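Just below is one structure, and these are the notes that go with it.
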Amino acid sequence: MAPRMQVLAYIEDHPKAIMVLRAARARAQEKGYAWVAVYLETPAQATSADQSAHARMLRLLTLAQQMGGETLHFETQTIDEGMRRVLEAAKDRLCLCVVGSTEAEYHWRFWERRMPSWQRVVRLASTYTPVETVPLSGQPFVRSLWRWPNLDSFRLRHLLYALLSVGVAFGCAVLLQWALPPALFRINSRNVALLFMIACAFSASRFGMIPGLLASVIGFFAANYYFIPPYRSLQISTITEALDMILFLAAAVLIALFTSQTRTLAERAKRREISTQALFMLYRIASDAFTHSQALGKLQRTLTHMLEMDVAFFLPPTLSPDRIEAAFPPDLSLSNGDTMALGTCWKEMKTTGLASPFNPGSAWRFEPMIAPGGEIGVLGVRPRKKHQLDPWYGRLLTSIADQTASVLEHIELERSMEATRIREEREKLRSMLLSSVSHDLKTPLAGIIGALSVHQSLGSRLPPARRADLLETALEEAHRLDSFITNILDMTKLESGSVEFHCEWHDMGSLISQVTKRLQHRLRKHPLTVHPVPAGIEVHMDVMMVEQVLQNLLDNACKYTPTGTPIDITCRLDERGYMVEVRDHGPGIPPDRLDKIFDKYARLQKEDAQIAGTGLGLAIARAVMEAQDGWISVANHKDGGAVFTCCLRQWRKTESAPLVQIETPIEQPIAQACIR
């Protein structure tokens, strides 16, 4: 696919620069091309530009984006070098360059007559593409290197620090005067001047231009009054002394100016370096979040610290997508002007507020967060008093807004994928349940229907023993069907959280006796041995639910062990709690399936399908035990068979009834698998 042709618009800080943007957009629309607004910032412009100049250029670049164009802004050593880079990069798709021309043709700088920047751009661009100049009436904004310093970062305490530095220099000079003879001290008077210059340089580099200028002036008068003859007087008696003092004052003022400018550039470079890290840390911080609130919380705290601005995120409510409200921090309050700027940004999806063409009176700047899938929300920033918004910061905020929108969209897509996966798993589980129910419930029903049909059709022709056997078979299958339905209902209640556990102190021996009596019809083919239960011990448990657990374990042992194999129940105490073990003497459980024994709706072996069951008995047992702060595990006995161990952590002796509870967490390897 061929690259799309484009129109280039070179803009400068001029009151009529918008005419260049309009001309470039008109030419691009005529030909169906794209257009790009280019702003090149040299070190001299970055140093001399005040806050109003930064705001004007940021507003101009924002307006170019609102008009449908792209923006290109970067720093360069000279206009010629930067423009050459732009033209070389776009020469294959460049069709026109639009430049604004001012009234001044030439201006003088010292002895060198230099061409204005727009004429240099025209001369350079004409070698690559046709150039169209747009006459701009009026003079461009004047930028002076020696402008009045920005007062945003100035504090009154800085003046005190400057006076303190002069005081330290004065003390050093007094010590020097005291230590040296008068004649030798007069010879070293220039060293005294250097002390005060050091104080001036320190104040300017540390606190800015105004403290540096104050230190230079105070240092000048202090040196003249106390350390230059005639002492205690500001009188200058010779031309040499006058020349020395003038040079001293000039040097001190120049040191303050240049040092403060260096400080400004260093602070700007440090600020941009720290701010640029926000783009690299943005996705890494939010990638660990699983919800919008977590991501926005991390982003808001990190960006506030990095950008040294007040940062807020605004999202539309779920039920009112046309409205926008604060998402983080949720308790943020805005003025009427800020609210209007926020509403305009959300409705029209354009930058509003501070240093923008729309609602510029707002203290906040609002950037729309737009992802490939659509509008997400609004990013709001409020610069602090010592902070400036320049074109570079405008581009940075736009990038942060776009990446934040991408992060939030990514989180939403992950949530959608997770919801889809859960729905698929739910459907799969439902299919497995229906398959289990249709097969396992049909088996006992077929047995009941078959036994009763034979009994009804043959009637008295059957021997009494045969009739009794048919009725017993029907009763056994009915009990099995009741067990299946009970397990399904119990698991449904447990998963929905509707089961309330009512724990009380109860004797485990009586509970085991009740379970064995209830399962006599199931245990008639398996010898059951109940080993002696510890006497005088009560366990804190829900009697009905623990009874269901033991019933499921015994029923499970009867189904999966050969007829005639014994089953053992053993109760004991150890440091972990009250243990109840149910052991069968069957073939045991395959080692590779031990970790799946408590899962739902699955069987261990293919031949298990011949045994009726819903696969819920052991899953119910695990849920019941864990709900009572206990656990259940399974292992193969060294002499054969499987051993299920249930643990209840609270027990007491019936004599003194002290509560005994293990406080340390139990590292018990609880197997997680389905009933066999």
Ser356 being buried (at least 17 other Cβ atoms within 10 Å of the Cβ) and assigned to a loop (DSSP other than H, G, I, E, B): yes
Tally, over the stretch 33-56, of residues that are under 33 Å from the mean Cα position of the chain (by Cα) and modelled with pLDDT of 80 or more: 0
Hey, Arg186 out of contact with any helix residue (DSSP H, G or I) (no Cβ under 9 Å at 6 or more places or on another chain) and touching a residue at least 12 places away in the same chain (Cβ under 8 Å) or not: yes
Selection count, the stretch 623-656, where residues are under 17 Å from Val546 (Cα atoms) and not in a strand (DSSP E or B): 9
Single unsatisfied condition, Arg576 versus (1) in contact (Cβ under 8 Å) with a residue 60 or more places away in the chain; (2) in contact with a Cys (Cβ under 8 Å, 6 or more places away or on another chain); (3) buried (at least 19 other Cβ atoms within 10 Å of the Cβ): (3)
Enumeration of residues in the stretch 531-545 that are modelled with pLDDT under 90 and in contact with a helix residue (DSSP H, G or I) (Cβ under 7 Å, 6 or more places away or on another chain): Val533, Val543, Met545
Total residues in the stretch 194-208, condition in a helix (DSSP H, G or I) and crowded, with 24+ Cβ neighbours inside 10 Å: 6
Selected residue [touching a strand residue (DSSP E or B) at 6+ places or on another chain (Cβ under 9 Å), without any contact (Cβ under 8 Å) to a residue 60 or more places away in the chain and of a type in the set (Asp, Glu)] from Asp568, Asp542: Asp568
Of residues in the stretch 68-80 being farther than 21 Å from Arg93 by Cα and at pLDDT 80 or above, the one surrounded by the most Cβ atoms within 10 Å (Cβ to Cβ): Ile79
Filter result for Ala295 (farther than 29 Å from Tyr39 by Cβ, of a type outside the set (Asp, Glu) and outside any helix (DSSP H, G or I)): no
Selection count, the stretch 496-530, where residues are modelled with pLDDT of 85 or more and among the small types (Gly, Ala, Ser): 3
Contacts under 7 angstrom Cβ, first residue in the stretch 626-648 being closer than 14 Å to Asp595 by Cα, partner basic (Lys, Arg) and not in a strand (DSSP E or B), 6 or more apart: Ile632/Arg622
Residue in the stretch 614-665 that is surrounded by the fewest Cβ atoms within 10 Å (Cβ to Cβ), counting only those that are at positive phi and either at pLDDT 90 or above or more than 40 Å from the chain's Cα centre (by Cα) (or both): Ala657
Residue check, Val533 more than 20 Å from Gly640 (Cα to Cα) and assigned to a strand (DSSP E or B): no
The listed residue being within 20 Å of Gln277 (Cβ to Cβ), in a helix (DSSP H, G or I) and not charged (D, E, K, R), out of Met306, Met417: Met306
In the stretch 328-353, the residues that are crowded, with 18+ Cβ neighbours inside 10 Å and among the aliphatic types (A, V, I, L, M): Leu334, Ala341, Leu342
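The values are calculated or read from the model by the stated rules, or taken from the named source; none is laboratory data. Note that this is a predicted model, so its numbers are computed, not measured. Here Cβ is always computed from backbone atoms with ideal geometry, including for glycine, and neighbour counts include all displayed protein chains.
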